[in-house]
Each structure stands twice: as C-alpha cells, then as structure tokens.
Amino acid sequence: MVLRQRTHKIMMNLKKVFYMILLSFMATVFLSNCKHQPGVFYNDTPAVSIQCSPDTVYFQNDILPLLVSSCSTTGCHDKQTGKNDVVLVDYNSVMKTGGINPDNPGSSKIYEVIVTNDERMPPPPSAAWPKAQADMLYTWIAQGAINNQCSGDSAGCDTTNVTFKGDVRPIFQKFCYGCHNSANPSGNIDLTNWDQLALIIDNGALVGSIKSEPGYSPMPKGSTMTNCEILTVEAWANDTVINSGGGGGGGNNGIACDPDTTYFQNQVLPLLVSNCATTGCHNTISHKEGVILVDYSSVMQTGKVIPGNPNGSKLYKVLFGGDREDDIMPPPPSPPFTTVQKGIIRNWILQGAKNNYCNSDCDTTNVTFSGSVWPIIQTYCLGCHNGGSSGGGISLRNYSEVAASANSGKLLGSIRYDAGYSPMPKYGQKLSDCKISEIRIWIEDGTPNN
Ligand code: HEC
Ligand code: HEC
C-alpha cells in the first residue's frame, strides 16, 4: 500500500517537473516567436489578375470580405480591440496573427476555430460559417495563402438574368451579412430581413452605398467588391423595385404612410440634411464639434438622441438654443426651425426615434405647384436654397425662383443626377422616382403657378 502511494507521489512529482519543462520550453518558443513577429511584414498590395479563374480562391475577393464582415467587427478582431492578439483586417494582419499553415491547411488556427464545435468562431449568437465558406478558406490556404486578387472584368459581366438566390444572396453572404444581421444590425440595418432590405432598395441607400455615391456611407466596410458584383446587385435592385411596383408612380416596397407617425427617412432626415448638413456645418467633411447629420446612425450618435425623451436629446434642445440661448441651431443668419419643424423632430423622438420610412402618397395624376412641387422644395431644398450662403448662390424661396431654376434645365438635371449637374439634394438621398416625376410633369406642363 505504502509503496504504491509513494510511487504515485513520485510519479506526480515527475509529472509536475515534466509539465514545467514543457511549459518553459513552450514559453521560449512562444517568446522567440513574438520577438521575431514585428520584423515580419506581409505586403498588403495584392497581385491582381484581370480574369477571375473559377479554380482559384482569391484573398482580396473571397477571403478578406468574409473575415472583415464576420471577425473584425467592432469589439472583436478589429485593430483597436485585437481580441487574443488576433487582428483580421488585411493580408498582413491575417498572416501574422491567424496562425496560417499552408503546409497543413487543416491545422491553421483560423480554420480550426471556424470548423470546431466548442468555442467556435464567430461565437454565438453569430451564425457559424457555412461549410462552403470554410472550404473556401481551406482551399485558399492550401493554394499557398497568397495575397491575390482578380478584378472581375465588367465587360464580361452578365447581368441579364440576375436572381436573388443565385447571384445576390451569395454576394451579401460574403460581404454584408456579418455586419448586417438580426443579432448585429449595423447602422440599424438587418439585410437578412426582407422588409428592411426593401426599404434600402426603395430609398436608394443600397445602390448608393455600394457605389460610394455622395451622401452614403461606402459599403462594404473594410473590403472591395468587383465591378461585376456591384453591377449585379444594382441590376437586381433596379428590377426588384420595378417588378414589385403597385402601378403608377414607380414601384414601392415600403409601408403606406400613417398620418399619426413621424417618419425618419421621409420627414426628419430631409429637414436635417437641408438645414444642418450644409457646407461648413454638419456633413461628413465639416462635422462641426463632431456632429454629423447625414444618415440615421450619425444622427443618433452625434445628435445624442435619446428615444422617447426629446427634452433630453441634444438634437432637439439645440433648436431652442441648448443650455445657452445664443447657441441656437441652425445659427443666424439661417432662419430657426419653425414650430411645425420642431414638432416633427419632437414627435419622432417621442415615438422612439426609429429608422422608419413610408411610401408617401405621391400622385402624378394631378400635379400642381402648390400641392406637389412646393412641398418637395420646402422639405428637401429650402434649408440650403434660402438666399443665404449655403445654396451656392441659388435661391428657391418662391414660385418665380423655382420656375427660373426649372426653365434653366438645372432643377430637373440636378434632382435626376444627370451628368453635368451637381446632384441634389446635396448630402441627402436622391428624391424618389415619384417625386422626380412630379417635378418633371410640372415642368412639362409649362411650370404653371397653380
Ligand atoms: C464591417 C462591417 C460592415 C460591413 C462588412 C458592411 N457594412 Fe453596411 N454598415 C456598417 C455600419 C457600421 C453602418 C452604419 C453607417 C456607418 O457607420 O458608416 C452601415 C451602413 C450601411 C448602409 C446605410 C448607408 C447610409 O449611408 O445610409 C447600407 C445601405 C449598408 N450599410 C449596406 C451594406 C451592404 C450592402 C454591405 C455589403 C455589400 C455592407 N453594408 C457591408 C457596417 C458594415
Ligand atoms: C445641403 C445643402 C443643399 C441642399 C439640401 C440642396 N442643395 Fe442645391 N445646391 C447646394 C449647393 C452648395 C449648390 C452649389 C453647387 C454645389 O456645391 O454642388 C447647389 C446647387 C444647386 C443647383 C444648381 C446645380 C448645377 O449643377 O448648376 C440646383 C438646380 C439645385 N441646387 C437645386 C436643389 C434642389 C431642387 C434641392 C432639393 C431637392 C437642393 N438643391 C437641395 C446646396 C444644397
């Protein structure tokens, strides 16, 4: 008995010694690795080929978008956080911290944590990578884990029979869903939700963002789509709007407007863009005092909006001058918000400050200046074109000024984004097709003052 216990004790001690040696050995290897790491630099400039070969997996086209959208989200493997010292934002960081092993792809750390069942990456509630994506990662490593890219010739891009399932969804899966899903709806957009997707198709934000058009946050964040991928999504978005249209005045996917609800996209944003995001003020270039008022997320964050509590929200308080009377926004000589305009901001915050949108009744059968054109100018344009400096010398203060702009061709040219004109409303989203039609019909009627 005693002997057995003793042997056991000795064995335990031996085990301890063994583990200590092992540990110190591992530490040495680890530390010496660390010492050498900063010297290693992997070039982030990819080798670009024009044609995309179906047999090759490309880092820039196939792998980086997946990593950026599902791993380097805020708080995880982005540059700032770098959880567990793993950063996955570009080729250099992936090679340095992803444990890539081209000699034995299956043993690459990054691949292991994606296919494992326990403590898998990305952690729940994010969905696990589908097998096809994991396989693609494996193939890329097996093909040498090189920094390659193909540019996807747009001349050879076929957008005639684009479908959501076959073409668009795979693109969203690769570039977008990681940041825009129900558990993590960045910018309050869940692209897996059809209603929300329809909303951003309808208001132009989907195409505006992937084409980096002025007024939109360029998407996808952190990676680049090929021209063909952009054209594919655009072709589908255009078709979708037309196909689902309810007849007359262009297609609509949204919800009909409820008179008791105040809508951010229809009422609040146009007011803010035209009164506050003017040159030198709160657009993405000027952002005075860190305040940017060009889209939902910037308004919520930098306008310090507290849903349900207008009096506690900076965006609302400054309309009255904030804590000091003389801080009133917009500052003189711009006119202050009218009571009705203040009411719009107040109601919207009271109703929960949501990123909501509705299809306004836009009637192209009975177009008049006072009933159709003037309300559009008031909501979307007048804040800048009020005779002050923010309208580039163009005033739209009354019938004769609007008619003059219409007769010069500039009014229609600018709202249609025609080549040769500055796209209007500046910093805002393009007017809906129906609103553009109303203005066009009024001009074709001979700009009557009715
Ligand atoms: C790495 C995360 C990330 C990825 C990937 C990403 N987005 Fe976004 N997206 C955001 C964030 C965050 C916002 C909020 C606005 C901002 O911060 O720029 C946003 C905003 C948007 C907007 C609103 C833009 C605006 O100006 O109103 C649209 C539309 C959008 N994303 C679509 C997409 C699409 C389509 C893709 C894929 C092609 C994509 N996003 C990929 C993070 C991401
Ligand atoms: C945020 C401020 C802002 C808003 C909102 C705005 N504009 Fe402008 N607009 C400008 C500025 C500044 C210019 C001068 C050209 C430039 O800087 O792009 C301009 C120029 C124009 C021009 C001349 C374009 C050209 O190419 O000669 C027209 C016409 C015009 N705006 C009409 C409108 C209409 C119509 C709306 C509303 C649907 C509108 N603007 C909304 C600031 C604005």
* Inter-label distance, nm, simple model (7 Å from Cα along the C-beta direction), residue 401/residue 195 -> 4.0 nm
* Round to a whole number: what % of the accessible area of segment 164-244 belongs to carbon and sulfur, probe 1.4 Å? -> 52 percent
* **In nm, spacing of pseudo-spin labels at residue 445 and residue 101 (7 Å Cα→C-beta vector)** => 7.5 nm
* By a straight-distance test (C-alpha under 27 Å), which lysines pair with residue 96 as possible cross-link partners, with residues fewer than eight away in the same chain excluded? -> 35, 79, 83, 109, 131, 174, 221
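Hey, what does the equivalent ellipsoid look like for segment 362-444, semi-axes from the Cα gyration tensor as sqrt of 5 times each eigenvalue, largest first, whole Å? Can you show the working numbers first?
Values: eigenvalues 67, 41, 29 Å².
Sorted largest first and rounded, they come to 18, 14, 12 Å.
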* **Gain on full stretching of the segment that runs from residue 56 to residue 260 - 0.36 nm per residue minus C-alpha separation** => 67.9 nm
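The values are calculated or read from the model by the stated rules, or taken from the named source; none is laboratory data. Note that the structure is predicted; figures quoted are calculated from it, not measured. Note that we place each Cβ from the backbone using ideal geometry, even for glycine, and neighbour counts take in every protein chain shown. All accessible areas refer to the heavy atoms of the entire protein, side chains included, with ligands and DNA or RNA removed. Shrake-Rupley method; radii C 1.70, N 1.55, O 1.52, S 1.80 Å.
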